[in-house]
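Accompanying notes for the structure given below.
The values are calculated or read from the model by the stated rules, or taken from the named source; none is laboratory data. Values in this document were obtained by computation on a predicted structure and should not be read as measured data. Neighbour counts run over all protein chains shown; Cβ positions are idealised from the backbone, glycine included. Only protein heavy atoms, including side chains, enter the accessible area calculation; ligands, DNA and RNA are left aside. Shrake-Rupley method; radii C 1.70, N 1.55, O 1.52, S 1.80 Å.
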Amino acid sequence: MGLVGVLESGNGNGVGSKSAYTRMDSEIRNEDGVSPCHPQANTSTNKYVFVCAVFASLNSVLLGYDVGVMSGAILFIQEDLKITEVQEEVLVGCLSIISLLGSLAGGKTSDAIGRKWTIALAAFVFQTGAAVMALAPSFPVLIVGRLLAGVGIGFGIMIAPVYIAEISPAIARGSLTSFPEIFINLGILLGYVSNYAFSGLPVHINWRIMLGVGILPSVFIGLALFIIPESPRWLVMQNRIEEARLVLLKTNVSEIEVEDRLVEIQQAAGIANAMRHEQKAVWRELFCPSPSVRRMLITGCGIQCFQQITGIDATVYYSPTIFKDAGIKGNAGLLAATVAVGFTKTMFILVAIFLIDRVGRKPLLYVSTIGMTTCLFGLGLTLSLLGNGPLGIKLAILSVCGNVAFFSVGIGPICWVLSSEIFPLRLRAQASALGAVGSRVSSGTIAMSFLSVARAITVAGTFFVFSGISALSIAFVYMCVPETKGKTLEEIEMLFKNEKERRGGELELRDVEHLVQKEPSG
């Protein structure tokens, strides 16, 4: 079944299969979450939202391509520009660190110019950086291009999940908000393939072509600006109600549902604007949070950090180093092995998209974190006991592929889904930016220290450490992550206001209705 088919047939119920607590949605959906009337309009709407999600996710290809291509290009940059191991770590890891500037600025920028044009800005800044890197005559110039690319990536990774969450109906939001992670994985695979394809060229040319090819997705992003609409929630916050209604008419299946959602968004935006009039700054609320916002921040920022500190970027950036330690000889063999890793990572993200709105977020997170812990521990054992032999090479490739597979089926995409849907409208952009900052800082720290740590405690010892951190992530999922499948963004906000439901227990329907009467969603 294609991705559009997945979106059209997904079950997104919240409390029980026939829950009455879906606001007015229950009046216009059947028990499978699909409008019983206007099936053609429903199909057309799903396809339109699908296309918008695809185009909004193109910036993620840039991030993925950069991660994948640098793992191979660094071998030839080192040979061509004669850089040291420390310079290699800085070159690889600085993109993640500097991207926090884009992520921090992204929240404020998207509130000022809109989600759509923030996507465009991200592509332009990255394109400039990629061009500088491809033409760099020396290491300092290469770093300048890398820093520009990092700022663009920071904008992109922050805004894409927010935009998609705000245009998506609740029934398909999990699948659609996972699209950026799909495109990151696709970009990684393309980067690995590019490494292998151009590795035979002269050393002073091949890495420049590898990096320069990353400019191409920006062309498609330019075309996307003529197709995708602005976020209806942002339009409401700018008091452009009629424009928001027109967007909602394209992304929802009936006028009744459109009016219902518009009222809901206006209520949420009204609370946000009232808070502005009271001069209570968003950043102050994030840094001096209420108990419910604190729980949201722990969940959103925590899952972002665990996504990175379990070592996924070390596995992707330094996979040639891992496979060399396992016994693979020659650049061609090393780069061919990385293609297998990229292919596995991309295929399993598609599995996650199919399951995320059926199985739910939390079960997939359990499968993911437990599987990653096992594979990371297995990789450490393989490298320490069976290195430099045919069996060791096979088990190392299997362990790395298993690790990226479990990552892609759970914590990889779900991290972005959760961080874009758990925060209330007034905080969503800045809180998502804060989570992205945590992700990028964690990623950069791992990338910039992996070679040094591996030299100190061996590559095998490093992966034993990663497996221990991954084990801690299992406990974090159990204690801090709620199930959000099938709930509207406003319902999810209410979920964090109740300690019992946050820890996984579903409230009885009458209790939920009582909460709705006492405390309107916003």
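Conditions tested, residue by residue: (1) surrounded by fewer than 18 Cβ atoms within 10 Å (Cβ to Cβ); (2) outside any helix (DSSP H, G or I); (3) at pLDDT below 50; (4) under 19 Å from the mean Cα position of the chain (by Cα).
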residue: Phe476; (1), (2), (3), (4): yes, no, no, yes
residue: Glu490; (1), (2), (3), (4): no, no, no, no
residue: Lys497; (1), (2), (3), (4): yes, yes, no, no
residue: Val512; (1), (2), (3), (4): no, no, yes, no
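More than 25 Å from Glu264 (Cα to Cα) and in a helix (DSSP H, G or I): is that true of Val417 in this structure?
Working: more than 25 Å from Glu264 (Cα to Cα): no; in a helix (DSSP H, G or I): yes.
No, not satisfied.
Annotation: Lys250 fulfils all but one of (1) at pLDDT below 85; (2) charged (D, E, K, R); (3) open to solvent by less than 30 Å² (accessible area, probe 1.4 Å); the unmet one is (3). Count of segment 57-109 residues, restricted to those that are outside any helix (DSSP H, G or I) and open to solvent by 40 Å² or more (accessible area, probe 1.4 Å), is 2. Of all residues in segment 282-297, those being within 14 Å of Met494 (Cβ to Cβ) and crowded, with 19+ Cβ neighbours inside 10 Å number 3. Filtered by the rule that a residue be in a helix (DSSP H, G or I) and either buried (at least 23 other Cβ atoms within 10 Å of the Cβ) or among the aromatic types (Phe, Trp, Tyr) (or both), segment 313-333 gives Asp313, Ala314, Thr315, Val316, Tyr317, Ser319, Ile322, Phe323, Ala326.
A Cβ distance below 6 Å, combined with a sequence gap of six or more or placement on separate chains, defines the contacts here; from segment 111-123, residues that are in a helix (DSSP H, G or I) and among the aromatic types (Phe, Trp, Tyr) reach no residue that is surrounded by 20 or more Cβ atoms within 10 Å (Cβ to Cβ) and modelled with pLDDT of 90 or more.
Does segment 105-145 hold any residues that are hydroxyl-bearing (Ser, Thr, Tyr) and over 18 Å from the mean Cα position of the chain (by Cα), and which are they? Break it down into steps so the answer makes sense when it comes.
Initial filter on segment 105-145 (hydroxyl-bearing (Ser, Thr, Tyr)): 109-110, 118, 128, 138.
Those that are hydroxyl-bearing (Ser, Thr, Tyr) and over 18 Å from the mean Cα position of the chain (by Cα): Thr109, Thr128, Ser138.
Limited to segment 124-135, what total is found for residues that are open to solvent by less than 10 Å² (accessible area, probe 1.4 Å) and without any contact (Cβ under 8 Å) to a residue 24 or more places away in the chain? Counting residues in segment 124-135 that are open to solvent by less than 10 Å² (accessible area, probe 1.4 Å) and without any contact (Cβ under 8 Å) to a residue 24 or more places away in the chain gives 1. Could you tell me whether any residue of segment 225-237 is closer than 30 Å to Asn195 by Cα and assigned to a helix (DSSP H, G or I)? Looking for residues that are closer than 30 Å to Asn195 by Cα and assigned to a helix (DSSP H, G or I), one finds none in segment 225-237, hence no.
Just checking, does segment 364-376 include any residue being in contact with a Lys or Arg (Cβ under 9 Å, 6 or more places away or on another chain), modelled with pLDDT under 95 and open to solvent by less than 20 Å² (accessible area, probe 1.4 Å)? For segment 364-376, residues in contact with a Lys or Arg (Cβ under 9 Å, 6 or more places away or on another chain), modelled with pLDDT under 95 and open to solvent by less than 20 Å² (accessible area, probe 1.4 Å): absent. Residues in segment 377-389 that are assigned to a helix (DSSP H, G or I) and touching a residue at least 40 places away in the same chain (Cβ under 8 Å) were compared, and the one that is surrounded by the most Cβ atoms within 10 Å (Cβ to Cβ) is Leu379.
Which ones in segment 219-246 are polar (S, T, N, Q) and crowded, with 23+ Cβ neighbours inside 10 Å? Quick ask: steps written out before the conclusion?
Here is the first cut: in segment 219-246, the ones polar (S, T, N, Q) are 231, 238-239.
Within segment 219-246, Ser231 is the sole residue that qualifies.
Residues that are open to solvent by 10 Å² or more (accessible area, probe 1.4 Å) and within 15 Å of the chain's Cα centre (by Cα) within segment 407-431 comprise Val409, Trp416, listed in sequence order.
Do we find that Thr462 is at positive phi, part of a helix (DSSP H, G or I) and touching a residue at least 40 places away in the same chain (Cβ under 8 Å) in this structure?
Working: at positive phi: no; part of a helix (DSSP H, G or I): yes; touching a residue at least 40 places away in the same chain (Cβ under 8 Å): yes.
No; evaluated as a whole, the condition is false for this residue.
Of the residues examined, Phe179 is not one that is of a type in the set (Phe, Trp, Tyr) and open to solvent by 20 Å² or more (accessible area, probe 1.4 Å).
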